[in-house]
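> Sharing a structure here in structure tokens format.
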Amino acid sequence: MYSHGSESLIKQAREIQEPELQKFYSRLVKLLQGKELGHETVDSLQRLHLILSATKYTRTLPSELRTRLLSLLSSPVEQLQVLSSAVLREMPPLSAEELNYIQENVGQLNSQTAALLLSKAGTRADLSSVCAQLLRGLDNRPSEAPAHSLMHTLPVLNTILTHSPECLTEDHITLLSKRLVDWLRYASIVQGGGASSGRFFTGPRSRQPVPIAELDGMVSGDFFTVLCVGQGFTEDQWMNVYSFSMLHHWLLTYHSVSNGNSTIETDDRSEVDGSVVSMVSATSSSSRLLPPKERLREKAFQYCQRLIEQSDRKAQKKTDTELQKACLVEAVCILDCVCVEDASLVFRTFPFIKALFGRLSADLSFARVLLPIAQFYLNHGEMAAVDCESVWKLVFGQFPAELFSDPFLAHELLRFLRLNLEKFQLGVPQYTHFFPNLLKFLAWDSPAVVDDFVDLLPSLVTPATAVELLHTLLDLPCLSATLILQLRSTCLPISEPGGRGLLSLDAFRNPSFRGLFLFMLRGEAGSGDTIDRLSTLHDLLAEAADWPRVVQCAQTIPVLLHIYFNTVVTVADEKLLAHLILVMLERSSILLNIPTYIKEIHRVFSCHLLRMCKLHPSLVVDQSHELLEFAGIPGNVYSKEELYTHVVWVLGEYLSVSCDSRCSVSLITSCFETLEAVLFEITSSGTPPGTVCPAPRVITTLMSALAKLASRSHDLIPRVSLFLSKLRTVTRGGSVAWCSDEEDLVAIVTRGEELWSLLKAPSVAQSVLTPSPHITTPQWHRDTNVAMPLQLRALTSLTHPQ
Amino acid sequence: MVRCFLIHTVCPISALSAGECRVLYSRVFGPDETVLSEELQELNPEERRLLQKEKVAVVARQVHSAVTLSREASGRQLVEMVPGEEVLALQDADSGVVRLRAGDPFNEEMSVLWLGVHSLGFAMVCEPHENLLLAEGTLRNLSRHCLEHLHMLGPGSEVLLKSSRIDVLLSRLLPHGQLLFLNHRFAQSLEKEVAAYMAK
């Protein structure tokens, strides 16, 4: 493991001083001048690499050293090639002379040199020249060249494709399409490498070519693929592996339908050709009539077909079983790609895909293979008029419920959903009903998937799901704890002898609480917004409040709630928003007791209560009963200070006739009385010393709210004024029990005085504290009748004589 | 293709301060992506190299925090491993995927597959369309070879002083960042070549 020795090595490499470095360079140059390059040279080169790569700042090498290193690129010793390439990669780009040198001296581009040229490429032209050089090597290759010399060609080309597909000309593409077809479909079907049939006493004459075998040991009866084995391999069999490895990317880059204007003609052509081919059975003779691109497509199709068949065989080695799965994924992806390009292939392809689905859907260990299959159904199911219900039930119904703890499946499934969101919203809108299942990924591993949910959550917020979704989000830590318990109860024995019995685990196994946990674990929405005995559940899960997974989950909820509320105000009508306010008030006291969680949620609620009421002020009058009920409980001042403050504020601000005509004088009065009672209680001198003080902000908000309400119903003004003057008197006497800080007290008293003096002139108070809409939303600059420029012009023309 | 393969430290180690992450090996495949993008044309080569190193450091830090959070959540205790137990260490390793959004730090969205073997992290930055099942297998295979050939479970510094071995390993099993569909026979053949190189 990483030791102090390693750390000091890195520090040394970073802090090496210039003189010592120069000495090192000259020693290295001397070593490289020698005829034999032995261990000391290699070690020094390695140290040079460490010195260069350990720091993020570039060092410069003396030019002689650079030249020597360049010459090592063509060394017959691989180690020297590797090291020189690695060192030169850490350097600034190669000069024109250096590039020329490489062209002339390195001959056929070896893998390390290609890596260097790629990494130092400064422009697309550089990449094009590497590309051209490689393809030249492909075309006119001497037959005596070693077997591995070609093999890096395709990976390098794939790299160029990734960054700059335009580097390949049409001719290049045609050439490569033809070679790919050869390697994929017509690779040798006998074992290479001089494999014998295994008998001991064999002479050269009895060396018969042995056919390749399948992964289960049977002799292969068809063309060579990556799932075929042999004692040794021929070069074209190696190229078969490399070709297939890059095939998907090649098809995506050059065969995608949206690729420029030229594809319009190719589309027409391929439609005609495709239908001709699909009527004839897939024998290679008829496809010889096709142009190279289409021929490659046809061969890719056949290759994938064969891979799917081969994956049904029982491999003898475990690593091969894993490879079969990966091959299935790749094959389905390629078939999908090919069918997107040529829709007529869908009818040939669907039977395979359907059969594959039928074969694999019962086995959860193939879940990651079923995702590309689901993508195929999504892309082509409508065209083939195939019923996809069972696919969605599996992907959204079963996978999240049973495989939520697999990080790779979670990543791939959520990615699948993200990339196809529009298609789902149009074609499979019922996916939103599976949100309880999808949220299981979040409950289990929040840090890893919260980013995906930031993108996905808005689409899950619909008028139908909004309320249940809010409850589910608030209880996500409970879901997290429940999933942990679910896993533990399957792993641990029923009773742990002498172990710390988890109370929550016992509760999970207890039949009388079964219903609570089953509700948490539900897969689909629609069976109720929440449960009555929610607080019971919270009590049962109390010890889970410090489980790391639960805490991590709780930390992501506020962010997601913000996203939820931001979305819901755009899709909900007033009735729904009113319901949500009720939910917020209700749930503010029913939350799992995780430190800081409750405070954070209250803060989110406060922020969005404010926003909702600002957008729809009549909500306050609408929900006045519940809001007053909340505001009338003095205990809320202490336990839910943030939310309480905002509730009082919205009551003060929006409970007026100008916001909603249903607001009556009696409503204002009853609100006033409720708030007044609370204010009296929290500022009474009767509070025993040592109890926690109400926050000053609550007091000032209450005072302001009372003043605002009084300004709308002038009979209430005397009552407020009385309280405010009493307040002044009490505080003149020094400290008070309900406010510990001197500065806060001064602020409260100052506010009180301001309000008191404002209320002495009721009509002024009214216009200040309850401004009419045309004052709060000025549009003089927009209204042509009162626009300032017009007025000024009028005045000017009046006052200035003509 | 795989854009980047790196080995770095994870979890608190005595040699480093808390939260600090040391990149032990990094290999970026292909050209520098800033060279071919429209913005950032005015950077000089030193700045480009600096930018690339910073991007690798960002990936290492993201994986570092992902490993830390994952281990915290699972609550598993880390068991000391000694050289010779590489296969066991891999079986016990934590694994996962981190999604990197476009621009943060690579131009396009990337998926970073990671393996946490005690205090070492192995990370592979893949393009999202890549076959992640194959990538996962390749990452495990590469990690096993690195652990074995560089004795990384021991206190030595071979990973720093013999980085050419990793280069050769990558040139066979992940040439230029290309994931390969290798059945056990192909893999054996390549691994024999690698072993022959390591023996020198």
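> Which of the peptides B:122-132, A:538-548 is most tightly packed, and how do the rest follow, judged by the mean count of other Cβ atoms within 10 Å per residue?
Details: B:122-132: 22.6, A:538-548: 17.8.
Result, highest mean Cβ count within 10 Å first: B:122-132, A:538-548.
> Still on this model: Provide the per-residue ³J(HN,Hα) series for region A:704-715, in order, calculated from phi with Karplus coefficients 6.51, -1.76, 1.60 and θ = phi - 60°, each as a whole number of Hz, with x at glycine and proline positions.
Couplings: 4, 4, 4, 5, 4, 4, 4, 5, 8, 9, 4, 5 Hz.
> While we're looking at this one, here's another question. Would you kindly find the accessible area of B:Leu139, with a 1.4 Å probe and non-protein molecules such as ligands, DNA and RNA excluded, rounding to the nearest 10 Å²?
Surface accessible to solvent at B:Leu139 totals approximately 0 Å².
> Tell me the mean residue ellipticity at 222 nm calculated for chain A from its helices only (DSSP H runs of n ≥ 4, each -39500 (n - 2.57), averaged over every residue, nearest 500).
Taking each H run of at least 4 residues, the total per residue is -20500 deg cm²/dmol.
> Within the set of other residues whose C-beta is less than 12 Å from the C-beta of A:Leu409, count the net charge using Lys and Arg as +1 and Asp and Glu as -1.
So the surrounding residues net to -2.
> Whole number in Å², please: accessible area per residue of the protein assembly as shown, 1.4 Å probe, ligands, DNA and RNA not counted.
Values: 43410 Å² over 1002 residues.
Per-residue accessible area for the protein assembly as shown comes out at 43 Å².
> May I ask you to evaluate 6.51 cos²θ - 1.76 cosθ + 1.60, the Karplus curve with θ = phi - 60°, for each residue of region A:755-772 and list the ³J(HN,Hα) values in order in whole Hz, giving x for glycine and proline?
5, 4, 5, 5, 6, 5, 10, x, 6, 5, 4, 4, 6, 7, 8, 10, x, 6
> Give me the net charge for the shell around A:Ile590: Cβ to Cβ below 13 angstrom, other residues only, Lys and Arg +1, Asp and Glu -1. Intermediate values should be presented prior to the final figure.
Numbers: positive: A:Arg533, A:Arg587, A:Lys640; negative: A:Asp475, A:Asp529, A:Asp532, A:Asp539, A:Glu586.
Around A:Ile590, the surrounding residues sum to -2.
> Now for a separate question. Place +1 on the Cβ of every Lys and Arg and -1 on the Cβ of every Asp and Glu in region B:94-200, take the dipole about the Cα centre, and give the residue among B:Leu180, B:Pro128, B:Pro105 whose Cα lies farthest towards its positive end.
B:Leu180
> Please list B:185-196, B:3-14, A:27-38 highest first by mean number of surrounding beta-carbon atoms within 10 Å per residue. Intermediate results must be reported in sequence, preceding the final value.
Working: B:185-196: 15.7, B:3-14: 20.9, A:27-38: 12.7.
Those peptides, ordered most packed to least, come out B:3-14, B:185-196, A:27-38.
> When Lys and Arg each count +1 and Asp and Glu each count -1, what net charge do the other residues less than 15 Å away from A:Ala545, Cβ to Cβ, add up to?
On the way: positive: A:Arg549, A:Lys599; negative: A:Asp475, A:Asp539, A:Glu543, A:Asp546, A:Glu600.
After counting each charged neighbour, the total is -3.
> Ignoring everything but the protein chains, give the 1.4 Å probe accessible area of A:Glu104 in square angstrom, nearest 10.
About 140 Å², rounded to the nearest 10.
> When all protein chains stay in place, what accessible area (Å², nearest 10, 1.4 Å probe) is found for A:Ser53?
Probe radius 1.4 Å; accessible area of A:Ser53 about 30 Å².
> On a straight-distance basis, which lysines could pair with A:Lys423 in a cross-link, Cα separation under 24 angstrom, same-chain partners fewer than 8 positions away excluded?
A:Lys354, A:Lys393, A:Lys440
> Which positions within region B:57-73 get 20 Å² or more of their accessible surface covered by the other protein chains, compared to the chain by itself, with a 1.4 angstrom probe?
Correct list: B:Leu69, B:Glu72, B:Ala73.
> Please state the charge dipole magnitude for region B:2-198, taken about the Cα centre, from unit charges on C-beta atoms (+1 on K and R, -1 on D and E), reported in debye and rounded to the nearest 20. It would help to have the intermediate numbers written out before the result.
Numbers: 19 positive and 26 negative charges, 98 e Å.
Computed charge dipole of region B:2-198: roughly 460 debye.
> Within a 10 angstrom radius of each residue's Cβ in B:108-116, how many Cβ atoms of other chains show up on average? Whole number is fine. Walk me through the numbers before you get to the answer.
Working: counts 1, 2, 0, 4, 0, 3, 1, 0, 0.
Taking all residues of B:108-116 together, the mean is 1.
> Report the charge-dipole magnitude of the protein assembly as shown in Debye, nearest 20, computed about the Cα centre from +1 at each Lys and Arg Cβ and -1 at each Asp and Glu Cβ. Don't skip to the answer; put the middle values down first.
Values: 89 positive and 110 negative charges, 261 e Å.
I would put it at about 1260 debye.
> Moving on to the next point. In peptide A:150-163, how many Cβ atoms from other protein chains are near each Cβ within 10 Å, on average? Mind showing how you got there, number by number?
On the way: counts 0, 2, 4, 2, 3, 11, 6, 2, 8, 9, 3, 1, 9, 8.
Averaged over the peptide's residues, the number is 5.
> With the cut-off at 1.5 for a/c, could you classify region A:313-399 from its C-alpha gyration tensor as rounded, prolate or oblate? Let's see the in-between values first.
Working: a/c = 2.26, a/b = 1.36, b/c = 1.66.
The shape class here is oblate.
> Take each of the peptides A:390-396, B:159-165, average the number of other beta-carbon atoms within 10 Å over its residues, and list them starting from the highest. Don't skip to the answer; put the middle values down first.
Details: A:390-396: 19.4, B:159-165: 21.0.
Top of the packing list down: B:159-165, A:390-396.
> Still on this structure, please answer the following. Positive end of the charge dipole of the protein assembly as shown (Lys, Arg +1 and Asp, Glu -1 on Cβ, about the Cα centre): tell me which of B:Leu40, A:Phe408, B:Ile166 has its Cα farthest that way.
The one lying farthest along the dipole's positive direction is B:Ile166.
> Report, as an integer, the average count of C-beta atoms from other chains found within 10 Å of each Cβ along B:164-177.
Taking the mean over all residues of the peptide, I get 6.
> Could I ask something else about it? Setting aside same-chain residues fewer than 8 positions from A:Lys35, which lysines have a Cα under 20 Å from its Cα?
Cα-Cα hits under 20 Å: B:Lys200.
The values are calculated or read from the model by the stated rules, or taken from the named source; none is laboratory data. Here the structure is a predicted model, which is why all the values come from computation and not from measurement. No Cβ is skipped: glycine too gets one built from the backbone with ideal geometry, and neighbour counts run over all protein chains shown. Just so you know, the surface numbers come from the protein's heavy atoms only, side chains and all, with ligands and any DNA or RNA stripped out. Shrake-Rupley method; radii C 1.70, N 1.55, O 1.52, S 1.80 Å.
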